[in-house]
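Below is one structure; the comments refer to it alone.
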Amino acid sequence: MGASNKRTPWRGFRCGSSSRRDAGTDTLRARLLHFLRDKEKREVDFLVTRDGVPWFLVEVKSSGSARLSPHLLRFQEVTGAAHAFQVALDLEFVDRDCFAENRLLVVPAATFLSQLV
């Protein structure tokens, strides 16, 4: 299945695409990776869609002490994405399901990446 052709309230540039078969099901769900920027040049690093629907947003920072990106919350509201993550490269792994939350989270890169498999 590909991304929906319906008009959406967000504008993104497709950076790449992949497909993945969900474990325990016979359905193939398309995952697409986007870069997101608006006319005011506010941006987030990644928007991941699932079957054409915004799923989660990611802003990558080198430090966990960096201030929270105000654009993440704004784009989460605009796109309706279920999750928004500020991924920090310098934080230690935490054994926690970041996808269990629907609020903006600062997440260690190792934790976030371990949950994308």
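The values are calculated or read from the model by the stated rules, or taken from the named source; none is laboratory data. Because the structure is predicted, anything quoted here is derived from the model rather than measured. We place every Cβ from the backbone using ideal geometry, glycine too, and count neighbours over all the protein chains shown.
Under the condition of being in contact (Cβ under 8 Å) with a residue 24 or more places away in the chain and outside any loop (DSSP other than H, G, I, E, B), which residue from the stretch 82-98 is surrounded by the fewest Cβ atoms within 10 Å (Cβ to Cβ)?
His83
Residue check, Val106 against (1) modelled with pLDDT of 95 or more; (2) assigned to a loop (DSSP other than H, G, I, E, B); (3) touching a Gly at 6+ places or on another chain (Cβ under 8 Å), all met but one. Which one?
Failed condition: (2).
Identify all residues within the stretch 37-81 that are in contact with a helix residue (DSSP H, G or I) (Cβ under 6 Å, 6 or more places away or on another chain) and assigned to a strand (DSSP E or B); write none if there are none. Don't jump to the end; show me each part of the working.
First, pick out the residues of the stretch 37-81 that are in contact with a helix residue (DSSP H, G or I) (Cβ under 6 Å, 6 or more places away or on another chain): 42, 44, 54, 57, 59.
Correct list: Val44, Pro54, Leu57, Glu59.
Where the second residue is among the acidic types (Asp, Glu) and the first is without any contact (Cβ under 8 Å) to a residue 60 or more places away in the chain and lies in the stretch 54-69, which pairs have Cβ atoms under 6 Å and are six or more apart or on separate chains?
These pairs meet every condition: Val58/Asp45; Glu59/Asp45; Val60/Asp45; Ser63/Asp90; Gly64/Asp90; Ser69/Glu59.
Look through Leu57, Leu32 and report the one residue that is within 20 Å of Val117 (Cα to Cα), surrounded by 14 or more Cβ atoms within 10 Å (Cβ to Cβ), aliphatic (A, V, I, L, M) and modelled with pLDDT under 95. Outline the logic, then answer.
Numbers: Leu57 fails: modelled with pLDDT under 95.
Only one candidate passes the filter, namely Leu32.
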